[in-house]
Amino acid sequence: MLAELLPPSFHTVEVYGDPPGLTLYPEEEAWVTRAVEARRREFTTGRYCARAALRRFGVAPAAIAKGPGGAPVWPDGVVGSITHCAGYRAAAVALTSDIFTVGIDAEPAEPLPDEILNIISIPRERAELAVIADAWPGVPWGRLLFSAKESVYKAWAPVTASFLDFDGAEIRIDSKAGRFAARLLVPGADLVAGPAGELHGRFAVRDGLLVTAIARPARATHRAAPALQAC
């Protein structure tokens, strides 16, 4: 699913479930020593996906450190993102010469409770979702909105080293095209999204999953992409 949503300059690896026998480097083991087994499994498989994707760029396997806020620290010259949800883990990596920033997110294709939707959305988004849901009732659009905002955050955080709340971006979904646009509503929007202050992403929904992805090409900016990416 993920490879369909990102430019061909990316290497992506997806795993459905947790293959047996996967291990962590000692540094990584320390971060999940007290984690519950489910968290340990998703973390381990996520790191496996990231290393497998990096190998396709010729990067030798190594520990993927955690930076501020828990973000993976990618090798110099690489930008990437990791995601996981029940039964699915994935990573996407690209060279900073091609991609400025990236964010991916996966969620179960299940309805988002109304109380959560009210927290993560602004009134205009909820009104638009109601219209879309009437035309396309088979998709959990509230959950997709949540996933799109998670992808926005993952594209935002490594560039600005700051938090972006749910009301910091307004999402507009093109249900027919499988695309969405995110207009950033906070200072620093141009740093991440360029003069228009807008990021563009794609989504897919099938097999009980929904996946969103945002990638801003490096050619859209003269700034060097940093190595940190939230997961």
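Residue-by-condition table, conditions (1) part of a strand (DSSP E or B); (2) among the basic types (Lys, Arg); (3) closer than 19 Å to Ile99 by Cα:
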| residue | (1), (2), (3) |
| --- | --- |
| Ser147 | no, no, no |
| Ala157 | no, no, yes |
| Ala181 | yes, no, yes |
| Asp190 | no, no, yes |
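Regarding Glu42, is this residue surrounded by fewer than 21 Cβ atoms within 10 Å (Cβ to Cβ), assigned to a helix (DSSP H, G or I) and of a type outside the set (A, V, I, L, M, F, W, C)? No; evaluated as a whole, the condition is false for this residue.
Only one of the listed residues (Thr83, Thr101) is buried (at least 22 other Cβ atoms within 10 Å of the Cβ), among the β-branched types (Val, Ile, Thr), under 15 Å from the mean Cα position of the chain (by Cα) and more than 23 Å from Arg219 (Cα to Cα). That residue is Thr83. Would the range 194-204 turn up any residue that is among the small types (Gly, Ala, Ser), in contact (Cβ under 8 Å) with a residue 12 or more places away in the chain and closer than 22 Å to Leu117 by Cα? Scanning the range 194-204 turns up at least one residue that is among the small types (Gly, Ala, Ser), in contact (Cβ under 8 Å) with a residue 12 or more places away in the chain and closer than 22 Å to Leu117 by Cα.
Out of Glu198, Glu170, Glu115, which single residue is over 21 Å from Val102 (Cβ atoms), acidic (Asp, Glu), at pLDDT 95 or above and surrounded by fewer than 21 Cβ atoms within 10 Å (Cβ to Cβ)?
Sole residue among the options that is over 21 Å from Val102 (Cβ atoms), acidic (Asp, Glu), at pLDDT 95 or above and surrounded by fewer than 21 Cβ atoms within 10 Å (Cβ to Cβ): Glu115.
Set side by side, the residues Ala53, Ala35, Ala63 differ, and just one is outside the structural domain of Gly201 (by TED's automatic domain parsing) and part of a helix (DSSP H, G or I), which is Ala53. Within the range 66-75, restricting attention to residues that are touching a strand residue (DSSP E or B) at 6+ places or on another chain (Cβ under 9 Å) and not in a loop (DSSP other than H, G, I, E, B), the residue that is surrounded by the fewest Cβ atoms within 10 Å (Cβ to Cβ) is Pro68. Screening the range 5-32 for residues that are part of a helix (DSSP H, G or I) and among the hydrophobic types (A, V, I, L, M, F, W, C) and picking the one that is surrounded by the most Cβ atoms within 10 Å (Cβ to Cβ) gives Leu5. Scanning the range 46-71 for residues that are among the hydrophobic types (A, V, I, L, M, F, W, C) and either touching a residue at least 24 places away in the same chain (Cβ under 8 Å) or touching a helix residue (DSSP H, G or I) at 6+ places or on another chain (Cβ under 6 Å) (or both) yields Cys49, Ala50, Ala52, Ala53, Leu54, Phe57, Ala62, Ala63, Ile64, Ala65, Ala71. Considering only residues in the range 10-63 that are in contact with a Lys or Arg (Cβ under 6 Å, 6 or more places away or on another chain) and under 18 Å from Asp76 (Cβ atoms), the one that is modelled with the highest pLDDT turns out to be His11.
Within the range 134-169, the set of residues being touching a Ser or Thr at 6+ places or on another chain (Cβ under 9 Å), under 24 Å from Pro111 (Cα atoms) and free of Cβ contacts under 8 Å to residues at least 60 places away in the same chain comprises Ala135, Trp136, Trp141, Gly142, Leu145, Phe146, Lys149, Phe166, Asp167.
Once the range 65-81 is narrowed to residues that are at pLDDT below 95 and of a type in the set (A, V, I, L, M, F, W, C), the residue that is farthest from Pro7 (Cα to Cα) is Ala65. Could you please find all residues in the range 118-138 being buried (at least 17 other Cβ atoms within 10 Å of the Cβ) and farther than 12 Å from Ala169 by Cα? Scanning the range 118-138 gives Glu128, Leu129, Ile132.
The values are calculated or read from the model by the stated rules, or taken from the named source; none is laboratory data. Here the structure is a predicted model, which is why all the values come from computation and not from measurement. A quick note on method: Cβ atoms are made from the backbone with ideal geometry, for glycine too, and the neighbour counts reach across all protein chains shown.
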